[in-house]
Amino acid sequence: MESDDGVIVSLSRTEDLGPAARSAIIDVCVAAHENEEFRNLFTFIPSGGRHFLAHRADELVSHAVVTTRRVQPEGGPELATAYVDAVATLPRYQGRGFGSATMRRLAAAIDDYDIACLQTDRPGFYERLDWELWRGPLAGRGDEVLVPTPDQQGVMVLRLPRTPPLDLDGLLTIESQPSRIWE
């Protein structure tokens with residue numbers, strides 16, 4: 001999909017990304033977040049991850065990835081969740097619409113999920129793209145126990161065609177993973 005500013009946003013699955021593409025994704029994430037931990041990105045992204053890649057000419061300028069997780073709003077069923085991670089735009093291209101184009105393409109391609117969710121320290125960026133900040137308490141779901149995350153901030157959801165009614169002030173839980181709960 002090409003936009004007016006020459007950015008082309010494509011979709012690739014994790015297992016289809018070769019070494020050069022993986023390296024470019026890592027470089028974008030490290031540059032955007034100034035965080036070397038992104039060098040380990042592909043140890044956390046399972047097979048089947050959907051990578052949204054924004055290119056300007058031959059240069060990767062923006063990235064986001066969706067993996068499948070399960071959130072559960074209080075009183076509701078577990079929802080198949082498009083969990084969004086590693087949203088990044090090269091610093092010299094930030095503020096020019098590349099990240100927004102990537103996230104719009106992502107939102108259009110995840111209608112097979114019940115809901116989308118992410119964690120961010122930049123909620124204003126996502127609010128412009130119809131994401132909503134979860135205001136209620138948050139927790140991880142372990143083996144038959146909830147792990148409260150009272151200090152967690154910036155969890156946002158995007159309602160999709162299959163999203164049931166939500167109470168953004170209620171409890172939202174997500175399955176715990178070995179290395180993380182929300183982030």
Say R0 is 41 Å: what FRET efficiency, to the nearest 0.05, do Arg122 and Glu144 get from their beta-carbon distance? 0.75
Report, to the nearest 10°, how far helix 98-108 tilts away from the longest principal axis of the Cα atoms in the chain, using its own Cα long axis and a range of 0 to 90°. 50
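Over the range 7-175, calculate the relative contact order: mean separation of alpha carbon pairs under 8 Å at least 6 apart, over the residue count, as a percent. Intermediate results must be reported in sequence, preceding the final value.
Numbers: 324 pairs, mean separation 35.0, N = 169.
For the range 7-175, the relative contact order is 21 percent.
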Principal-axis tilt of helix 19-33 within the chain, Cα atoms, nearest 10 degrees: 70
Would you please give the residues with an amide H less than 5 Å from that of Glu175, counting only those at least 5 places away or on a separate chain, with H modeled from the backbone geometry? Arg70, Arg141
Based only on other Cβ atoms within 10 Å, what is the fewest-to-most ordering of Glu175, Glu36? Glu36, Glu175
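No value in this document is a laboratory result; all are computed from the given coordinates. Computed from a predicted model, the values in this text were never measured in an experiment. No Cβ is skipped: glycine too gets one built from the backbone with ideal geometry, and neighbour counts run over all protein chains shown.
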